[in-house]
Structure formats: structure tokens, C-alpha cells
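Below: one structure, written as C-alpha cells.
Read-outs throughout are calculated quantities, based only on the coordinates presented, and are distinct from any laboratory measurement. From a predicted model like this one, the values you see are computed outputs, not experimental measurements. Every residue, glycine among them, receives a Cβ derived from its backbone with ideal geometry; neighbour counts consider all protein chains shown.
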Amino acid sequence: MNDPNSNPSETITSSDLKKILSDHKKWLESNGQEGNFADLKNCRLKGAVFIGANLKNANLEGAYLYGSYFKNANLENTNLEGANLRGANLRWANLKNTNMKNTNLVRADLLQAELKDTLLEGANLKMAEGISLEQLKGAITNSETVLPEFLKKS
């Protein structure tokens, strides 16, 4: 995973993902002294389950996370720039200070997700569910951010 020459659309097995998450947890708990940083840049993780996972500070830039399940996950300070999170479940996820620039969030479920200081510039939130104006007030958006229709009318 840490090889800069790895295949840009590497598919990760569920057993490999469990090991990566376990190593990342050790890395976080030991302040980088043990375990390994989770670098899942450009990985294919369609439908992967991350319920309650701690991916704080991880790199998921450009990852294919279509329909993935991040309920109650900690994604604080994570790089998700350009990731495909179409239809992902991000309910109650901590997305504080997360880079979600140009991220596909079409049909994603963001009910009660923490979006304080989340970079959503150029993100596509078309048909996203569970998101409120209150959540977006703390996020960083721009004219390129595509909002769900029900929020445009507010």
C-alpha cells in the first residue's frame, strides 16, 4: 500500500483491509512509533465496511468507495480528495477537517455527520441524504460545490 509505484486502482481484499485498519490504529495509538499509516490512495474499495473504524489522518485520495459503509467512523483530518463516495453511508461519521475537495458524494447519507471545517470545494452532493444547512454552515464550500436541490431552495 505504501509503494508509490503501486497500481493506481489496486483492489484491497477484506482481510487486507482489516490488517490495514489494525495497523493504522496501532500507528495512531503509538504516535507513529508502531503499526503503519493507512495509505489507500486510489484503491478500489467498493462496498467496503468501515463501521466505527478510526481512519483519522489516513490517505484515501482518489479511492473508489462506492456504496461503502462508514457509519460512526472517525475520518478526522483524512484526505478524501477526489474520492468516489457515491451512495456511501457516512451517518454519524466524524469528518472534521477532512479534505473532500472534488469528492463525489451523490446519494451519500450524511445524517448527523460532523462537517466542521470539512473542505467541500467542488464536491458533488447532488441527491445526498440526511445533510442539513446547519451541518454545511461549518463546512468550507465554494461556487463549484453541488448541493442537493432541497438545500438550494432554503
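A simple count of charges around Y66, restricted to other residues whose Cβ falls under 11 Å of its Cβ and scoring Lys, Arg +1 and Asp, Glu -1, yields +4.
Count charges around V106 for me, please; just the other residues with Cβ under 13 Å from its Cβ, Lys/Arg as +1, Asp/Glu as -1. Value of the local net charge: 0.
Axis of helix 14-29 versus longest Cα principal axis of the chain: the two differ by about 90°, to the nearest ten degrees. Select from segment 1-103 those trypsin sites (Lys or Arg not before Pro) which occupy a DSSP coil region and have at most 16 other Cβ atoms within 10 Å, ordered by residue number. In loop regions of segment 1-103 (DSSP not H, G, I, E or B), the sparsely surrounded trypsin sites (Lys or Arg not before Pro) are K46. Between K18 and M127, the FRET efficiency estimated from the beta carbon spacing at R0 = 35 angstrom works out to 0.65.
Karplus-based coupling profile of segment 46-54, in residue order and whole Hz: 4, x, 5, 9, 10, 4, x, 5, 9, with θ = phi - 60° in 6.51 cos²θ - 1.76 cosθ + 1.60 and x standing for Gly or Pro. Residues F150, F70, F50 in ascending order of nearby Cβ atoms (within 10 Å, fewest first): F150, F50, F70.
For I51, the shell of other residues with beta-carbons less than 15 Å away shows a net charge of +3, using +1 for Lys and Arg and -1 for Asp and Glu.
Of the GluC sites (Glu not before Pro) found in segment 28-134, the ones in coil according to DSSP and having at most 16 other Cβ atoms within 10 Å of their Cβ are E34.
Taking the Cα atoms of the chain, the ratio Rg/Rh between the radius of gyration and the Kirkwood radius comes to 0.97. Ordering L119, L17 from the fewest to the most neighbouring beta carbons within 10 Å gives L17, L119. Bridging of K101 to aspartates and glutamates at a Cα separation below 19 Å is possible for D39, E61, E76, E81, D109, E114, D117, E121, E129, E144, once same-chain residues fewer than 8 apart are set aside. Taking 19 Å as the straight-line reach from the Cα of K96, the lysines in range (excluding those fewer than 8 positions away in the same chain) are K25, K56, K71, K116, K137. Measuring between their Cα centroids, segment 130-147 and segment 61-93 lie 16 Å from each other.
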